[in-house]
Amino acid sequence: MSLQTTRRNFLSGAGLGAGLMLAGCRRGGTAEGPADVTLRIGNVLAEIAKDHTISTIGYNGCVPGPLIRLREGVPVTVDLFNDTDAPELVHWHGQIIPADVDGAEEEKSLGVAAHGHLRYRLTPSPSGARFVHSHVMPMADLARGTYTGQFAFVYIEPKSNPGQYDQEIFLATHEWEPYFTTAEDEDEETGPPPPQQKKDETPNGWEIGYQRFTINGKCLGHGEPVRVKEGQRVLFHILNASATENIKLVLPGHRFRVVALDGNAVPHPALVDVIELGTAERVDAVVEMRNPGVWILGTPKNDDRANGMGIVVEYANRSGAPRWTAPPKTPWDYTLFGESRVTPNPDETIPLVFGKINGGTGAFNHWTINGKSYDPNAEPRLLHKGRRYRLIFDNHTDDAHPVHLHRNSFELTNVWGKPTAGVMKDVVLVKGFRKIEADVTPAMDGLTLFHCHQQLHMDYGFKLLFNVV
Ligand SMILES: [Cu+2]
């Protein structure tokens, strides 16, 4: 399938009926006449590299699933068909929609039974780059949940489109063939541990490793290149659809002008050499194509790039081996895209201290928020609609946590001690022993899940349920 659209067919797509365009892949069947969006969950054979086909679960027979274009505020009917032997949950990540259709078990959302069908309506909001993904908890089963191909871009057209680009490209990263390992990923941007930290004598539990890495379901060099022309302004919508990996991406010889984070326009678009995305984060960035050649857009991690994490960017009338050069080591900094104005004082502050209980060799680590792992029987924490809450994400572990709040966007107000304003997100990557503050004014009542988007962390306790009244 193609996730590359030109400005012209982008506009014609946006003009369709309810504002929906499903690009590529097969359409699912329907029971009661056609829905506006149909997702059929089933087995997919995906050729990710030459002579290397994997078996996974995906949407509508392809990986990633079809690009789903919706229009802000225009209601759509959704059909979910589940052709697998296990119940599924489809989560509309980044949308502010009622809990029953959000797609999280903790929120008591509607699920789709094994070999079942579910139809509901939702009103897409807010505009920008969103996505759908499985929200089941695979625990130790690496063939379920976000380890599979169950992810697809959702692009919600704004009511008015600035359209300052010549071409738009959707890129989703994902890793395959997961396995359990004791090897830990080194994070070079971990802060100093808090002074009261006492050493855990129990060895670290399981981590996840992967054999293959893809962008849009293809290892580097296997799929079609991104085709560009000199002088074009190309808008990249990039999604980290990983189960567990936080990644960096670089396009040597070019810079990214970051215009939106998690689908929300940033107050101060800024140029960077390297973009970083925690699991489930999205970056929209415009690249001016002024360096003709054939290039690799990929991860600066050499091993992961060799195992597929990249895509070729090819200028018209250029050929040859794609070029790669290592980027400068500039740290990713959310505050680059923010404003320096003072934010309103919150009505209430909610400290959320992230902790880890090492699982020991051959077992799973457990994760805590304010000293407790998720308890499905605990009363949800009450929030009041319209009140401004300051969430303090205080990471007392050496792992980076891409934490996500459902059914809301939050405003970053302080990152690693630096005040900021105006950057609206639904996931934020809190690095080891760092602190980030974000303000949220709950928009809609109902159950609202907060969790780490690293699948293994979420499954083993890193969740907290709010109830907005
Ligand atoms: Cu985490």
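Once label points are set 7 Å from the Cα along Cα→Cβ at both GLN164 and SER340, what is their separation, rounded to one decimal in nm?
Roughly 2.2 nm, to one decimal.
Just to confirm, what accessible area per residue do you get for the chain at 1.4 Å probe, in whole Å²? Provide the component values of the computation, followed by the final result.
On the way: 18620 Å² over 469 residues.
Heavy-atom accessible area per residue stands at 40 Å².
Stretch TYR120-ALA443 to full length: gain in nm at 0.36 nm per residue minus the Cα-Cα span? Kindly include the intermediate steps, with their values, before the conclusion.
Numbers: separation 323, 0.36 × 323 = 116.28 nm, distance 2.12 nm.
This chain segment gains 114.2 nm when fully extended.
Can you list the chymotrypsin sites (Phe, Trp or Tyr not before Pro) in segment 359-399 that are in a DSSP coil and have 11 or fewer other beta carbons within 10 angstrom? Could the numbers behind the result be given before it?
Values: sites: PHE364, TRP367, TYR374, TYR389, PHE393; in loops: PHE364, TYR374.
Sites meeting the loop and neighbour criteria: none at all.
Could you tell me which of the pairs LYS50/LYS463; LYS229/LYS329; LYS301/LYS385; LYS50/LYS435; LYS372/LYS425; LYS356/LYS425 are separated by over 32 angstrom between their Cα atoms in the structure shown?
Details: LYS50/LYS463 39 Å; LYS229/LYS329 28 Å; LYS301/LYS385 43 Å; LYS50/LYS435 43 Å; LYS372/LYS425 25 Å; LYS356/LYS425 25 Å.
The pairs that break the limit, which is 32 Å between Cα atoms, are LYS50/LYS463; LYS301/LYS385; LYS50/LYS435.
Using 7 Å Cα-to-Cβ label points, what is the ASP303/ASN43 separation (nm, one decimal)?
Label at ASP303, label at ASN43, 3.3 nm between them.
Want the number for PHE180 to GLU379: 0.36 nm per residue separation, take away the alpha-carbon distance, what's left?
Values: separation 199, 0.36 × 199 = 71.64 nm, distance 3.36 nm.
Taking 0.36 nm per residue and subtracting the Cα distance, the gain is 68.3 nm.
Heavy atoms only, probe 1.4 Å: what % of the accessible area of segment 74-198 goes to carbon and sulfur, would you let me know?
Details: 2620 of 4910 Å².
Roughly 53 percent of what the probe reaches on segment 74-198 is carbon or sulfur.
In deg cm²/dmol and to the nearest 500, what is the mean residue ellipticity at 222 nm of the chain if only DSSP H runs of at least 4 residues count, each as -39500 (n - 2.57), divided by the residue total? Please list the in-between numbers first.
Working: 4 runs with 22 residues, N = 469.
It comes out at -1000 deg cm²/dmol, rounded to the nearest 500.
For the pair LEU352/SER319, report the inter-label distance in nm, with labels modelled 7 Å from Cα in the Cβ direction.
It works out to 5.3 nm between the two label points.
Run the accessible area of segment 231-282 with a 1.4 Å probe and give the carbon-and-sulfur part as a rounded percent. Walk me through the numbers before you get to the answer.
Numbers: 590 of 1170 Å².
It is 51 percent, rounded to a whole number.
For the peptides 446-456, 305-315, what is the packing order when you average, over each peptide's residues, the other Cβ atoms within 10 Å and list the highest mean first? Before the final figure, lay out each step's value.
Working: 446-456: 24.3, 305-315: 22.5.
Per-residue Cβ counts within 10 Å, averaged per peptide and sorted highest first, yield 446-456, 305-315.
The values are calculated or read from the model by the stated rules, or taken from the named source; none is laboratory data. Because the structure is a prediction, the values reported are computed rather than measured. Cβ atoms come from the backbone with ideal geometry, glycine included; neighbour counts cover every protein chain shown. Calculation scope for accessible area: heavy atoms of the full protein, side chains included, ligands and nucleic acids excluded. Shrake-Rupley method; radii C 1.70, N 1.55, O 1.52, S 1.80 Å.
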